[in-house]
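Here's the structure, in structure tokens; my notes come after.
The values are calculated or read from the model by the stated rules, or taken from the named source; none is laboratory data. What you are looking at is a predicted structure, and each value in this text was computed from that prediction instead of being measured. No Cβ is skipped: glycine too gets one built from the backbone with ideal geometry, and neighbour counts run over all protein chains shown. When the accessible area is computed, the model is the full protein with side chains, heavy atoms only, and any ligands, DNA or RNA have been set aside. Shrake-Rupley method; radii C 1.70, N 1.55, O 1.52, S 1.80 Å.
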Amino acid sequence: MAVSGIPFLEGRYSPTLDLWPIEAKEFNRIHTFYDSLREGRFTTTRCKQCGRVLYPPRVICPECYSDELEWIELPKRGKVIAVVEKLGGVPICFEVPVIDAWIDLGEGSPLRHILSRVINCPPQSLKEGDEVQLVVFDVPSHPMEIRRETIIAERVFFAFEPVKK
Amino acid sequence: MAGRNACIVGGGMCKWGVREASYVDMVQEAAKECLDDIPGVKPKHIDGLLFASAFVGRRSVQINTAPVVAERLGLKPTSICARVDVLCASGSTAILLARGLVESGMSDVVMVVGSEKIYTPERWQVQYDEIAAIDHDWDSPQGIGPPPIWFALTAKEHMKHYGTKKEQFGTVSIINYDYGFTNPKGHFQRQLTIDDVLNAAEIAAPLGLYDCCPLTDGSAAVIIASEEKARELSDRPPVYILGGAQVSLHSVTANWPGEHLGDWPHLRLAAEKAYQRTGIGPEDVDVAQVHDCFSISELIELEELGFCKKGEGGPFVESGQTKIGGSIPANTDGGLMSCGHPFGATGIRQAIEIMRQLQGRATNQVKDAAVGLTHNLSGANAEHTIVIYSREPRK
């Protein structure tokens with residue numbers, strides 16, 4: 001019998017060509033980030049020992065190596081420092097232009113900057129100084145084997161969008 | 001410091017471009033060019049192999065690559081046989097590691113060979129390999145696996161803070177294509193005008209097509225040996241690998257270490273460490289190979305490496321300082337812009353050009369070049385790697 005040797009042809013999922021993280025609690029110890037995202041909250045971890053705020057969230061503090069961490073909220077609004085619209089060479093599945101901004105989350109924020117895609121945004125409309133806000137959306141789920149049973153792991157991710165003036 | 005010195009003895013590369021050849025075919029072509037460059041060296045003299053490649057595990061479905069490469073090249077390593085991956089700096093990193101192995105006495109003669117097969121079998125997949133080249137879970141979903149977005153933001157910030165102009169980015173590309181015009185092994189052999197550059201297809205404003213280096217298949221190989229072995233195997237003047245530095249302060253773009261995106265403190269730190277360790281200052285460097293993956297990256301690197309003042313990269317390049325006869329001829333074989341950028345092979349190509357310059361046999365020769373420097377950045381500008389070469393050993 002012929003061996004296809006190509007799991008895609010057998011309808012199998014392979015994470016090597018998956019843009020999104022594997023978020024499920026059976027795989028990922030910082031799954032709380034994604035659970036919070038699902039509730040519209042943008043969070044990260046803070047060290048209970050030394051107070052250091054860590055982004056992305058972790059399971060140890062890189063400052064004092066304590067593993068006693070707690071979840072805190074990050075700002076969901078920021079201001080555009082610079083914006084770029086990419087017209088060519090974008091990954092398959094993305095629509096052109098891909099709009100990305102370097103965002104200032106504000107002086108009081110424990111995380112000062114973030115790079116994010118900006119969606120729900122007409123091309124050529126976003127400018128330096130504009131306000132943007134967190135937006136959460138569903139991304140494709142994937143099958144996942146847990147002790148011989150296959151579950152479907154639902155996923156979300158985030159970007160930013162212009163704040164309506 | 002007492003002990004052994006490590007030298008680069010010879011090197012060669014295959015034809016770079018869109019190749020009808022596999023990564024391991026190109027490795028063989030490059031290794032042949034390398035050994036043809038040093039008639040005294042045969043496979044039996046080589047006791048170590050470092051293979052530099054970032055994408056081979058994904059593009060060519062081969063991990064644990066070093067034994068495959070060793071076998072095809074007829075090498076039977078007895079000191080080291082390993083693959084090195086630091087994305088764009090894989091080749092330079094392997095050279096730094098080979099230097100350490102040779103200086104420690106673990107290895108005597110090491111082949112460092114890099115190879116990437118990018119154009120196969122479907123071009124779209126490159127973008128999905130690049131999602132694995134930066135922080136996958138946090139940056140890739142924002143669409144920046146392919147790097148132009150990040151460097152376009154960087155260009156905008158440099159323009160805002162220092163008044164740099166798009167024409168000045170274009171000058172970098174024109175100069176590097178001019179150098180590459182005489183390099184038959186590079187991806188392109190053509191010259192550009194400022195109109196070509198300014199009228200090129202927009203990739204991510206302010207960057208157009210010629211502000212970006214191409215995707216390229218290619219391989220390059222060098223031999224790194226102890227000074228004693230180098231003198232035994234070759235009549236050419238030895239080129240010493242004095243030392244270098246590799247600095248990594250962050251991975252996710254949100255943890256960018258600079259005041260703004262045009263400010264690269266991790267490169268300043270790498271330069272400080274590399275200069276300190278080698279006793280070389282930027283004023284001593286006669287020829288440099290800096291990582292021109294984008295025109296803007298070369299401008300900022302010239303600043304942070306200390307070749308010009310911070311913020312003055314634009315006027316510095318515009319005034320011809322990176323041309324032969326300028327204060328720091330840079331990317332004299334065409335750089336990434338004209339040669340292309342097969343990630344793991346790039347640092348090795350740079351080393352070959354510096355070796356030829358320091359031995360007085362480069363095509364675009366810098367007169368009496370005695371000290372050379374190579375630089376790479378990797379990822380979303382998350383790591384910087386510097387190697388310094390000299391005709392004289394460390395004092």
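Residues that are within 14 Å of another protein chain (Cβ to nearest Cβ) and over 12 Å from the mean Cα position of the chain (by Cα) are absent from region A:33-42 altogether.
Listed by position, the strands (runs of 3 or more DSSP E) enclosed by region A:72-138 that each have at least 3 residues that are β-branched (Val, Ile, Thr) and within 10 Å of chain B (Cβ to nearest Cβ) are A:77-86, A:98-104. The set of residues in region B:342-379 that are open to solvent by less than 10 Å² (accessible area, probe 1.4 Å), closer than 30 Å to A:Ser116 by Cβ, more than 8 Å from the chain's Cα centre (by Cα) and of a type outside the set (Ser, Thr, Tyr) contains only B:Leu377. If the condition is being free of Cβ contacts under 8 Å to residues at least 60 places away in the same chain and polar (S, T, N, Q), then region B:227-278 contributes B:Asn255, B:Gln276. If you go through region A:139-162 and keep only what is in contact with a helix residue (DSSP H, G or I) (Cβ under 7 Å, 6 or more places away or on another chain) and open to solvent by 20 Å² or more (accessible area, probe 1.4 Å), you end up with nothing.
Just for helices (runs of 4 or more DSSP H) wholly inside region B:100-193: which have at least 2 residues that are more than 10 Å from chain A (Cβ to nearest Cβ) and more than 19 Å from the chain's Cα centre (by Cα)? Give the steps one after another, and end with the answer.
Values: elements: B:124-130, B:148-162, B:166-180.
Once the helices (runs of 4 or more DSSP H) in region B:100-193 are filtered for at least 2 residues that are more than 10 Å from chain A (Cβ to nearest Cβ) and more than 19 Å from the chain's Cα centre (by Cα), what remains is B:148-162, B:166-180.
Can you tell me which of (1) within 24 Å of B:Gly262 (Cα to Cα); (2) surrounded by 24 or more Cβ atoms within 10 Å (Cβ to Cβ); (3) hydrophobic (A, V, I, L, M, F, W, C) is the one B:Cys308 doesn't meet? For B:Cys308, the failing item is (2).
Residue by residue, here is whether (1) touching a Phe, Trp or Tyr at 6+ places or on another chain (Cβ under 6 Å); (2) within 26 Å of B:Ala205 (Cα to Cα); (3) open to solvent by 10 Å² or more (accessible area, probe 1.4 Å) holds:
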residue: B:Asp235; (1), (2), (3): no, no, yes
residue: B:Ala245; (1), (2), (3): no, no, no
residue: B:Glu259; (1), (2), (3): no, yes, yes
residue: B:Gly262; (1), (2), (3): no, yes, no
residue: B:His266; (1), (2), (3): no, yes, no
residue: B:Leu269; (1), (2), (3): no, no, yes
residue: B:Gln276; (1), (2), (3): no, no, yes
residue: B:Ile296; (1), (2), (3): yes, yes, no
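Taking the criterion of being free of Cβ contacts under 8 Å to residues at least 24 places away in the same chain and surrounded by 14 or more Cβ atoms within 10 Å (Cβ to Cβ), the residues of region A:1-47 that qualify are A:Leu17, A:Asn28, A:His31, A:Asp35, A:Cys47. Can you tell me which residue is farthest from the other protein chains (Cβ to nearest Cβ) among those in region B:57-80 that are in contact (Cβ under 8 Å) with a residue 40 or more places away in the chain and in contact with a Lys or Arg (Cβ under 7 Å, 6 or more places away or on another chain)? This residue is B:Ser60.
Regarding B:Arg58, is this residue part of a helix (DSSP H, G or I), at negative phi and touching a Phe, Trp or Tyr at 6+ places or on another chain (Cβ under 9 Å)?
On the way: part of a helix (DSSP H, G or I): yes; at negative phi: yes; touching a Phe, Trp or Tyr at 6+ places or on another chain (Cβ under 9 Å): yes.
Yes; evaluated as a whole, the condition is true for this residue.
Take the residues of region B:213-230 that are within 21 Å of B:Phe181 (Cα to Cα) and open to solvent by less than 20 Å² (accessible area, probe 1.4 Å): which is nearest to the other protein chains (Cβ to nearest Cβ)?
Restricting attention to region B:213-230, the residues satisfying the condition of being within 21 Å of B:Phe181 (Cα to Cα) are B:213-220.
Retained after the next criterion (residues that are open to solvent by less than 20 Å² (accessible area, probe 1.4 Å)): B:216-220.
On the way: B:Thr216: 14, B:Asp217: 17, B:Gly218: 19, B:Ser219: 24, B:Ala220: 25 Å.
Applying the filter and picking the extreme gives B:Thr216.
Just need a number here: residues in region B:312-329 that are open to solvent by less than 10 Å² (accessible area, probe 1.4 Å) and within 21 Å of B:His266 (Cα to Cα). Even if it seems obvious, please write down each step before you answer.
Residues of region B:312-329 that are open to solvent by less than 10 Å² (accessible area, probe 1.4 Å), as a first pass: B:313-314, B:317, B:322, B:328-329.
Adding the requirement that they be within 21 Å of B:His266 (Cα to Cα) leaves B:313-314.
So the count comes out to 2.
Residues in region A:29-57 that are assigned to a loop (DSSP other than H, G, I, E, B) and either within 20 Å of A:Ser116 (Cβ to Cβ) or aliphatic (A, V, I, L, M) (or both): 8 in all. On the stretch given as region A:59-70, residues that are open to solvent by less than 90 Å² (accessible area, probe 1.4 Å), out of contact with any Asp or Glu (no Cβ under 9 Å at 6 or more places or on another chain) and either more than 12 Å from every other protein chain (Cβ to nearest Cβ) or in contact (Cβ under 8 Å) with a residue 24 or more places away in the chain (or both) total 4. The conditions of being assigned to a loop (DSSP other than H, G, I, E, B) and closer than 19 Å to B:Gly347 by Cβ are not met by B:Ala82.
Could you tell me which residue of region B:192-212 is least open to solvent (accessible area, probe 1.4 Å), considering only residues that are of a type outside the set (A, V, I, L, M, F, W, C) and in contact with a helix residue (DSSP H, G or I) (Cβ under 6 Å, 6 or more places away or on another chain)? Steps first, answer last, please.
We begin by selecting, within region B:192-212, every residue of a type outside the set (A, V, I, L, M, F, W, C); these are B:193, B:195-196, B:199, B:202, B:206, B:208, B:210-211.
Checking the rest, the ones that are also in contact with a helix residue (DSSP H, G or I) (Cβ under 6 Å, 6 or more places away or on another chain) come to B:206, B:210-211.
Numbers: B:Pro206: 17, B:Tyr210: 40, B:Asp211: 1 Å².
Out of the qualifying residues, it is B:Asp211.
Listed by first and then second residue, the pairs linking a residue in region A:151-162 that is within 13 Å of another protein chain (Cβ to nearest Cβ) and closer than 23 Å to A:Val118 by Cα to a residue that is in a strand (DSSP E or B) and among the aromatic types (Phe, Trp, Tyr), with Cβ atoms under 8 Å apart and 6 or more places separating them unless they lie on different chains, are A:Val156/A:Phe137; A:Phe157/A:Phe137; A:Phe158/A:Phe137; A:Ala159/A:Phe137.
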